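Chemist: Structure provided below as structure tokens; questions to follow.
The values are calculated or read from the model by the stated rules, or taken from the named source; none is laboratory data. No experiment lies behind these values; they were computed from the predicted model shown. When we count neighbours, we look across all protein chains shown, and the Cβ atoms used for this are built from the backbone with ideal geometry, even at glycine. Note: areas computed on protein heavy atoms with side chains; ligands, DNA, RNA excluded. Shrake-Rupley method; radii C 1.70, N 1.55, O 1.52, S 1.80 Å.
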Amino acid sequence: MVYLNGEFTPKNKAFVGVMDRGFLFGDGVYEVIPVYAGKIFRLSAHLARLQNSLDAIQINNPHSKAQWLEILQKLLTFSPAPNQSLYLQITRGADVSRKHSFNALSATVFAESNPLIPKTKTELENGFSAITQVDIRWQRCDIKSTSLLANVLYSQQAKQQKVEEVILHRDQLITEGATSNVFMIKDNVLFTHPTGAHILPGITRDLVLESAKFCKLKIQESALTLAKLLAADEVWISSSTREVMPITKVDGQLINNGKIGQHWSEVYDYYQSLKYA
Ligand code: PDD
């Protein structure tokens, strides 16, 4: 079952019209929210980011926080899975003709939920590979927009090259991953790109920083160069569906001789404790 414009409908019976601006222009925003043991994780932070995305593209939020909670909690009841990944998308809606500029429309609201099976620590301890690419995306990567063509192409490249992620850089400075935020440890300091127009302010990014603080790591929110990343002691990526993952190979080059870092292990453990707190 999925949620579409006020109704809960079987997925194969849920349809959106061809004039929907989400279909024609990718004119919409979305959120991905993890659910652990039936509890929606960091809902307020996700809804705050959703509000920022909506404000940035001039769509009125169709629901209050209480209404979102009701919709999302109802969606969760259709699956017995304790851990789920909620997806919600709002597009500007459908007009009578295709025009780039827009009129006030009734937004299209879609939400679904899928089982979430995060990798175990043992699985993560194998380490993962990434490749790097020039970041060709626009200058508003802080908006969680459904216009994701660049990210789609990067992710396809990752799939074809059998790596976990494509790490992006702009003017030689690491921004984020195609579908994640990126962290680096060097000499016991954690570096990550500051929030702003060039990255999505990941909710997991905040959780990783919270965990790192607990683990007494020094944190520096500043962009790091590609050369520094390749010489890092540890590289991690983070997202709502992948949590915090160690990257041990970048562009075929081993990070820290391919060994999983101690800092990742500690931050991972604290992150796990937050999920069920
Ligand atoms: N993507 N940066 C980008 C470009 C992303 O697409 C994502 C997440 C993140 C991490 O954000 P968060 O920690 O809030 O999940 C950073 C989601 C999972 C997706 O598109 O499916």
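Chemist: Find the residue count for region 159-174, including only residues that are surrounded by 21 or more Cβ atoms within 10 Å (Cβ to Cβ) and hydrophobic (A, V, I, L, M, F, W, C).
Modeler: Going through region 159-174 one residue at a time, the tally reaches 4.
Chemist: Give me the residue from region 21-45 that is of a type in the set (D, E, K, R) and under 21 Å from LYS119 (Cβ atoms) and, out of that set, surrounded by the most Cβ atoms within 10 Å (Cβ to Cβ).
Modeler: Out of the qualifying residues, it is ARG42.
Chemist: Which pairs turn up if I take residues in region 108-136 that are more than 20 Å from LEU229 (Cβ to Cβ) and look for partners that are of a type in the set (Asp, Glu) and open to solvent by less than 20 Å² (accessible area, probe 1.4 Å) with beta carbon separation below 6 Å, at least 6 apart in sequence or on another chain?
Modeler: Final answer for the pair search is THR108/ASP20; PRO118/GLU243.
Chemist: Here is a further query. Of the residues LEU168, LEU200, only one is of a type in the set (A, V, I, L, M, F, W, C), assigned by TED's automatic domain parsing to the domain that holds THR248 and in a loop (DSSP other than H, G, I, E, B); which?
Modeler: Only one candidate passes the filter, namely LEU200.
Chemist: Give the residue, chosen from ILE219, ILE185, ILE237, that is of a type in the set (A, V, I, L, M, F, W, C), crowded, with 22+ Cβ neighbours inside 10 Å and more than 10 Å from the ligand (Cβ to nearest atom).
Modeler: Residue meeting the stated conditions: ILE185.
Chemist: If you don't mind, there's one more thing I want to ask. Kindly indicate whether any position in region 1-18 is small (Gly, Ala, Ser) and assigned to a helix (DSSP H, G or I). Spell out how you get there, then give the answer.
Modeler: Here is the first cut: in region 1-18, the ones small (Gly, Ala, Ser) are 6, 14, 17.
With the extra rule that they be assigned to a helix (DSSP H, G or I), the set shrinks to none.
No, because not a single residue in region 1-18 is small (Gly, Ala, Ser) and assigned to a helix (DSSP H, G or I).
Chemist: Here is a further query. Just the residues that are open to solvent by less than 30 Å² (accessible area, probe 1.4 Å), over 20 Å from the mean Cα position of the chain (by Cα) and under 23 Å from PHE23 (Cα atoms), please, taken from region 72-94.
Modeler: ARG92, GLY93
Chemist: Moving to a separate point now. Looking at (1) more than 30 Å from LEU4 (Cβ to Cβ); (2) within 17 Å of the chain's Cα centre (by Cα); (3) assigned to a strand (DSSP E or B), which is the one condition that is false for GLU112?
Modeler: (1)
Chemist: Taking ALA150 as the residue in question, decide whether it is open to solvent by 10 Å² or more (accessible area, probe 1.4 Å) and farther than 28 Å from LYS275 by Cα.
Modeler: Taking the combined requirement at face value, the residue satisfies it.
Chemist: Okay, next question. Taking the conditions exactly as written (within 16 Å of the ligand (Cβ to nearest atom), in contact (Cβ under 8 Å) with a residue 60 or more places away in the chain and farther than 17 Å from SER106 by Cα), does ALA45 satisfy them or not?
Modeler: The answer is yes for ALA45.
Chemist: Among residues belonging to region 243-262 that are surrounded by 20 or more Cβ atoms within 10 Å (Cβ to Cβ) and under 22 Å from the mean Cα position of the chain (by Cα), point out the one that is farthest from ILE199 (Cα to Cα).
Modeler: By that ranking, first place goes to THR248.
Chemist: If I ask for residues that are within 9 Å of the ligand (Cβ to nearest atom) and either part of a loop (DSSP other than H, G, I, E, B) or surrounded by fewer than 19 Cβ atoms within 10 Å (Cβ to Cβ) (or both), which ones from region 203-216 would you list?
Modeler: Step one: of region 203-216, the residues within 9 Å of the ligand (Cβ to nearest atom) are 203-208.
ASP206 - this is the single residue of region 203-216 that is within 9 Å of the ligand (Cβ to nearest atom) and either part of a loop (DSSP other than H, G, I, E, B) or surrounded by fewer than 19 Cβ atoms within 10 Å (Cβ to Cβ) (or both).
Chemist: With the requirement that a residue be within 11 Å of the ligand (Cβ to nearest atom), touching a residue at least 40 places away in the same chain (Cβ under 8 Å), under 26 Å from GLN58 (Cβ atoms) and not in a loop (DSSP other than H, G, I, E, B), what does region 139-165 give you? Spell out how you get there, then give the answer.
Modeler: If we filter region 139-165 for residues that are within 11 Å of the ligand (Cβ to nearest atom), which is where we start, we get 141-146, 148, 150-152, 154-155, 165.
Filter once more, so that each one left must be touching a residue at least 40 places away in the same chain (Cβ under 8 Å): 141-146, 148, 165.
Next, from what is left, pick out any that are under 26 Å from GLN58 (Cβ atoms): 141-146, 148.
Correct list: SER145 only.
Chemist: Then there is this: Report whether or not VAL182 is assigned to a helix (DSSP H, G or I) and of a type outside the set (Gly, Ala, Ser).
Modeler: Spelling it out, it is not the case that VAL182 is assigned to a helix (DSSP H, G or I) and of a type outside the set (Gly, Ala, Ser).
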